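This report refers to the structure that appears directly beneath it.
Every number in this text was worked out from the coordinates using simple rules, so none of it is lab data. Every value quoted in this text rests on a predicted model; they were computed, and no experiment measured them. Virtual Cβ from ideal backbone geometry, glycine too; neighbours counted across all protein chains shown.
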Amino acid sequence: MKFKVNGDEIFASTGGRPFDKNKPLIIFVHGSGLTHMTWVLQTRYFAFHGYSVLALDLPGHGLSKGKSLKTIEDMADWISSVIDAVGYQEASLVGHSQGCLVTIECTARYPDKIKTLSLMGGAGAIPMNPDLLALAENGDPKAVDLMMDWAHGPAGHFGGHPVPGLYHINTGGMLAKSRTIKDTLGVDFRACDNYKNGFEAAKKIKIPTLSILATDDKMCPVKEGKKLADLIEGSKVDIIDNCGHMMLLEEADRVLKVLKNFITANFPAK
Amino acid sequence: MSDKNKKGPESKTYKFDTLSLHAGYQPHKNAGSRQVPIYQTTSYLFDDVDHAAALFNLERGGHIYSRISNPTVGVLEERVASLEGGTAALATSSGMSAIFLTVMTLCEAGDHLVVSSQLYGGTVNLFRLTLPKFGIKCTFVKPRDTEGFKKAIQKNTKGIFGELVGNPGNELMNMPEISKIAHDAGIPLIVDATYQTPYLCKPFEHGADIVVHSLTKWMAGHGSSMAGILIEGGNFDWMQNDKFPTMTKPYEGYHGLSFAEEFGPTAFTMKARAEGMRDFGPCLSPQNAWNVLQGIETLSVRMKKHCSNAEEMVKYLLNHESVAWVSHPSVPDHPDHALAKKLLPNGRGSMIAFGIKGGKDAGVAFINNVKLASHLANVGDTRTLVIHPASGTHSQMDEATLKFAGLSHDMIRLSVGIEDIDDIKNDFEIGFRAARKPRLVSNQ
């Protein structure tokens, strides 16, 4: 669906079901340079099981208008504005990679609005490889190729997507190339590299939090994810083996199972 | 070393030959079986009612019924998508069903397509005779008439379709230019790249949006199994205009789902499977999918030999007294030689068309007397194949259509196999000797 946030027309997938304000809201926040489509194997389940779902395209990404936001802090404030814009008081947040930084910061800033937090492939800081950052800021498609290479675990490089016929390295790459690389991936990578408040923000979080980590994640390794989780009171950690950073595609079913158990227990549908 | 010469990080995603053997399959998820298992089953157990509903609602990936998807077929689909550089693929029972499914996913009654005139005869008949019965009309344009494709586009045109190298005349479409024409008109370019396989050309790199193959040919390569596939490039924006309501508007068949919004770079394949396979059902058998996978494992090895043998045969035919003309993109005076060099850097393919002196009678004598080359209606076998198109593959066309498709009565279509090249030439000598005999008799 399309709606306005801070004057810009924003797109969010509602998981294939009509958006219903009477149902609890789950907001999914994508990673650097990507779009709402990375969440398709998680969102549709919740949309069909009693939740209202918004898998967002951040400003300037996917089908959303406006310009890419330049800092994680601005993105965190923007998520709060999304909740206001759709007429809700509260929501559950799910983030992947950069989306984890955004949702951590948002939860720390707006503790009354956020009811549960689910982090996939998250860390307290995501410093960027300087070569990768430079390529992305120059709009070089090689940045996308490198990201897709590093973001998939050894098994993920072979494929074996749960949706028959989809080859996820190319699908992810096409998502990242769907808009101008330097204006999406370049801006996002710089925002990640500049963000230093993750660990401090984590200490402020007092809501049920889940970290899903993957054994073969080279971008946000398990030890970095655990370091972050240790700072969040009562945080749960689930580790997916034989899987890389793109866990939401590489091991979509296993991720969905963990996420489903966590959200339905801590943020039940009516 | 100065910073200028510093080599940055390189992507280590697997390359073509490795993907040919491994893409789409993880042994540890299949009892450790090194070879892809053949899932010879019609249907799949649901964990519970919720799981069943999730699969039917496209909430989760997985298999329901082998008409829609099958794990062995799924490996083939991913493998071909990876080799083509596509986002997704859907395998079908034959190349023709891949084309039909592509058209039926793209078009509705009242729509129009612009189509290259030089196509396999069955494809010509689909576009010329069968699709009009569904209310889908086509305008044929000669493959080299790039401007003609532009002129033929109408308000209701939903795509341009063609074979990159036309069957059987070996005329090339200028794919990069024609893709620009298509994209300027907000419509996709669909390319049948059966003759090339992704080893010789990846059409997505030259502007194609959807690629179709008859996998029966070089991809399977051994003349054993029928199969087809459609592959999506993932770059076409279905929401850029209002031409594709079936992709962008809520679809009643899946609770108001918009395929373009929900699946983006894989939307076309998702719709072709969810609607096309559900309603038309031209599914590929798991055994045939497995056979094709065996072929793909050696694709690059075979294609190199096919192409080197073809180039040898081109030289042989060009210098032969019984041959009137030879058409192959490797011939320097072929009108598309330069374009072929650009689009087919790894080889120009193994399809040769040549004219035999003495016309139709000589052609018939040649075909009836070769012993090693097989006379049959197929191409892309490991074995050398020959046919006289005007009396075989394209025999259902009238005289005018034959002429428009660039066919002549002296034309022989040769699909060069990977036998020893000397044996192929020796066999052709037998055929040519027989072909000369009627003329020698009549001259006396």
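What to note about this one:
- Amide H partners (placed H, <5 Å) of B:C138, local residues excluded: B:L113
- Note on A:E200, B:E399: ascending count of other Cβ atoms within 10 Å places them as B:E399, A:E200, the fewest first.
- For B:I387, distant residues with modelled amide H under 5 Å away: B:R413
- Of B:A400, B:A182, B:A23, the one that fluctuates the most in a GNM where chain B has Cα springs shorter than 10 Å: B:A400
- Checking the Cα-Cα distances for A:K23/A:K203; A:K142/A:K218; A:K206/A:K260 against a 23 Å cut-off, the pairs over it are A:K23/A:K203.
- Near A:S235, no amide H atom lies under 5 Å from its own; only residues 5 or more places off or on other chains count, and H is placed 1.01 Å from N.
- Gaussian network model of chain A, Cα within-10 Å springs - most flexible of A:G153, A:G33, A:G122: A:G153
- Karplus-derived 3J(HN,Hα), 6.51/-1.76/1.60, for each residue of the stretch A:36-44, Hz, glycine and proline x: 4, 5, 5, 9, 4, 8, 10, 5, 5
- Of the residues B:L189, B:L215, B:L45, the one with the fewest other Cβ atoms within 10 Å heads the list, and the complete ranking is B:L45, B:L189, B:L215.
- Using the rule -39500 (n - 2.57) for each DSSP H run of four or more residues, divided by the residues of chain A, the 222 nm mean residue ellipticity is -11500 deg cm²/dmol.
- Antiparallel content of DSSP bridges confined to the protein assembly as shown, in %, to 5: 45
- Taking other Cβ atoms within 10 Å as a rough exposure proxy, A:C243, A:C100, B:C138 sort from fewest to most as B:C138, A:C243, A:C100.
- Taking a Cβ cut-off of under 12 Å around A:L228, the surrounding Lys, Arg, Asp and Glu residues balance to a net charge of +1, with basic ones at +1 and acidic ones at -1.
- Seen from a random direction on average, the alpha-carbon convex hull of chain B projects onto 25.5 square nanometres.
- Think of it as helices only: each DSSP H run of n ≥ 4 in chain B is worth -39500 (n - 2.57), and spread over all residues that comes to -10500 deg cm²/dmol at 222 nm.
- For the protein assembly as shown, the Kirkwood hydrodynamic radius from C-alpha pairs, put into Stokes-Einstein at 10 °C and a viscosity of 1.306 mPa s, yields a diffusion coefficient of 59 µm² per second.
- Environment charge at A:E251 (Cβ cut-off 15 Å; Lys +1, Arg +1, Asp -1, Glu -1): -1
- Phi-based couplings in Hz for the stretch A:171-177 (Karplus 6.51, -1.76, 1.60; Gly and Pro marked x): 5, x, x, 5, 4, 5, 9
- Net +/- balance of residues flanking B:N70 in space, Cβ distance below 12 Å, scoring K and R +1, D and E -1: +1
- When each of A:K70/A:K196; A:K257/B:K12; A:K4/A:K70 is checked by Cα-Cα distance, pairs over 21 Å: A:K257/B:K12
- Under Karplus coefficients 6.51, -1.76 and 1.60, residue-wise ³J(HN,Hα) of the stretch B:172-189 in Hz, glycine/proline x: 9, 7, 7, 4, x, 6, 5, 5, 5, 4, 4, 5, 4, 8, x, 10, x, 9
- Whole-angstrom Cα spans of the stretch B:9-70 along principal axes, big to small: 46, 29, 21
- The translational diffusion coefficient of the stretch A:37-120, from Stokes-Einstein at 20 °C and 1.002 mPa s with a Kirkwood hydrodynamic radius over alpha carbon pairs, comes to 162 µm²/s.
- Inter-chain Cβ neighbour average for residues B:50-61, partner chain, 10 Å: 5
- The fraction of Cα-Cα pairs per 5 angstrom bin, counted from 0 for chain A, comes to 1, 6, 14, 19, 22, 19, 13, 5, 1, 0 percent, rounded to whole percents.
- Of A:K67/B:K7; B:K142/B:K341; B:K180/B:K243; A:K65/B:K7; B:K142/B:K342; A:K67/B:K155, those spanning more than 27 Å from alpha-carbon to alpha-carbon: A:K67/B:K7; A:K65/B:K7; A:K67/B:K155
- Largest GNM mean-square fluctuation across A:L248, A:L54, A:L146, computed for chain A with C-alpha springs under 10 Å, falls on A:L146.
- Rh by Kirkwood over Cα pairs, then Stokes-Einstein D for the stretch B:300-443 at 0.692 mPa s and 37 °C, µm²/s: 212
- When both the stretch B:102-120 and the stretch B:1-69 are represented by their alpha-carbon centers, they are found 31 Å apart.
- Once the gyration tensor of the Cα atoms in the stretch B:199-312 is diagonalised, the equivalent ellipsoid follows with semi-axes of 33, 18, 9 Å, ordered largest first.
- At R0 = 51 Å, FRET efficiency that the Cβ-Cβ distance of B:K437 and A:D253 yields, to 0.05: 0.15
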